[in-house]
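Since the structure comes first, as structure tokens, the remarks are kept for the end.
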Amino acid sequence: MLINGKCPGPTIRADWGDTVRVTVTNNLRINGTSLHWHGIRMHENNQNDGANGITECPLPPGASKVYSFRAEQYGSSWYHSHFSSQYANGVVGTIQIDGPASLPYEEDLGVFPLTDWYYGAADEIQHSLIPPPGAAPPADNVLFNGSHVNAAGGGSYYRVKLKPGKRHRLRIINTSVDNAFTVSLNNHSMTVIQTDFIPVNAYTAQSLFLTVGQRYDVTIDASQSVGNYWFNVTFAASGLCGVANIRYPAAIFDYEGASSTALPAFQGTPPPDSLCEDNTNFSPIVTRSPPAPSFTASPDNALDVSIAVQTWEGQQRVYWKVNGEDMNITWDEPTLEYLAKGDMNFPNRYNVFEVPQANQWAFWVVENGLGVPHPLHLHGHDFLILGRSPAVANPFAIPVRRYNDATDRATLNFANPTRRDTTMLPGNGWVVVAFRTDNPGAWLFHCHIAWHVSQGLSVQFLERVQEIPATVRLEEIEPVCEQWTTYYSTSPHKQFDSGLRV
Ligand SMILES: [Cu+2]
């Protein structure tokens, strides 16, 4: 499935402060769609978030919609379908918003989406995960900007040109369905200047770990001898952060003056830090430091992730649950429509958590009852990562680590911690995050592994619920819902899952 005939789709490019308008027409024959603008703040603009069943009804075949938002942040991101497993079929593109940079550079090489790639259709894979154990298959390949070689020797490596002696900016984006990876460029270090949309003080590393949905804007100095260098994508040895049948190397970086066809001689060695561990050592340029006493761990801010097998329509199925409930939205009953009509009686399993207080830090302790790590993504906000349990090589081999305020509080960082919109919840462990309640709306907080959110791993925060109706233009939502309802009544393809895949 393509956007404007391409995969990945076109890059949306804007300047900081611009208003972006994108007309989306659904030319698919038997699929709905809705497009989510990953990481975009959507300030008081919840209904352009593109989360079907939450902020809108899906667009039926033949329908069009204009998404509109202000580029209040700058940096690099992506957009993708939020309708079932559709983005795994290619409904993905990148976003570049130009603005200031925390470190000068000379060449902007632009966006580089990196993704796992499955040869099977996404819905077929998703159906195969319904019966226990429900474990995802390995990806067939990893694509660097849409390109790689395959096992039969077809395809080609993507090649990036470097200017000798110059400092280049690269925008690395993990647009995967499942795979988290570590990236490195042989013989070169990378200097991070942004984590997701957050500018940070320069941080230099030999390799970087990106879970699904994360971005690193980095600079690379072309200071080595003129030649060809492998860009490598490696995986955690445990396999718990995803695997692909074809992996490193992923792309080739050529210095100007070197061959533009030769393969690099030096293969490189896998970086040592592949434990699926999110790096939380960044310091944002614009500081945010909540007072430590404002955080109290309690059952009210605990989110416990678990897995369960239940029988539904005579079939055993795997579900991911948060506080005992797997999310299951109804496509034509978006949360915003309920709220705009003053109706709080949502259908069951909407997994709603109210966050009523304005302009406070909302803290959440997420605990993982299983060894599988989950990339957690929040809509409408970035969040502080105050702390997390350390990653281990094999989380299944250790007992579940619950957050213990008596012993773990001392490890939390309240002084300008790492801030971004996606983080990795460690296996059998915990993470503490906080966001500022400065954006009324119904915002998803979910695992960004498409297979998992499809199996229910999501909640929605109702932030300042009394103020939400004033931000909603029902006259824009309802016509699409009517079109969708008409279409769906005759569609042979019915919802078989949570209705959401990131
Ligand atoms: Cu997950």
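The values are calculated or read from the model by the stated rules, or taken from the named source; none is laboratory data. Computed from a predicted model, the values in this text were never measured in an experiment. Every residue, glycine among them, receives a Cβ derived from its backbone with ideal geometry; neighbour counts consider all protein chains shown. Protein only, heavy atoms only, side chains kept; ligands, DNA and RNA dropped before computing areas. Shrake-Rupley method; radii C 1.70, N 1.55, O 1.52, S 1.80 Å.
Observations on the model:
- Cα-based helix-to-principal-axis angle, 474-490 vs the chain, degrees rounded to 10: 90
- Computed over the chain, the per-residue total of -39500 (n - 2.57) for DSSP H runs of n ≥ 4 gives a 222 nm mean residue ellipticity of -2000 deg cm²/dmol, rounded to 500.
- Under 27 Å from the Cα of residue 65 - lysines, other chains or at least 8 residues apart: 6, 341, 494
- Accessible surface computed residue by residue for the chain, with neighbouring protein chains in place and a 1.4 Å probe, gives 37 Å² per residue.
- Cα centroid of the stretch 1-30 to Cα centroid of the stretch 443-465, whole Å: 23
- Prolate/oblate/rounded label for the chain (Cα gyration tensor, a/c 1.5): rounded
- When only Cα pairs below 8 angstrom with a gap of at least 6 residues are kept, the chain shows a relative contact order of 18 percent.
- Per-residue HN-Hα couplings for the stretch 354-361 [Karplus 6.51, -1.76, 1.60; θ = phi - 60°; Hz; x = Gly/Pro]: 7, 10, x, 7, 7, 6, 10, 8
- Cβ distances below 4.7 Å define possible disulfide partners, and in the chain the cysteines left without one are 7, 447.
- The trypsin sites (Lys or Arg not before Pro) of the stretch 422-502 meeting both criteria, a DSSP state outside H, G, I, E and B (loop) and at most 10 other C-beta atoms within 10 angstrom of the site's C-beta, are 494.
- Here the label points at residue 493 and residue 312, each 7 Å from Cα along the C-beta direction, are separated by 1.9 nm in the simple model.
- When only alpha carbons are used to place a centre, the stretch 227-304 and the stretch 473-494 end up 40 Å from one another.
- Spatially, the stretch 70-112 and the stretch 313-371 are offset by 27 Å when compared through their Cα centroids.
- Value of relative contact order over the stretch 292-489, rounded to a whole percent, pairs C-alpha under 8 Å and six or more apart: 29
- Surface share of carbon and sulfur [accessible, 1.4 angstrom probe, percent] for the chain: 50
- In the distance distribution for the stretch 292-489, Cα-Cα pairs more than 27 Å apart total 34 percent.
- Shape call, the stretch 174-283: gyration tensor on alpha carbons, a/c limit 1.5: oblate
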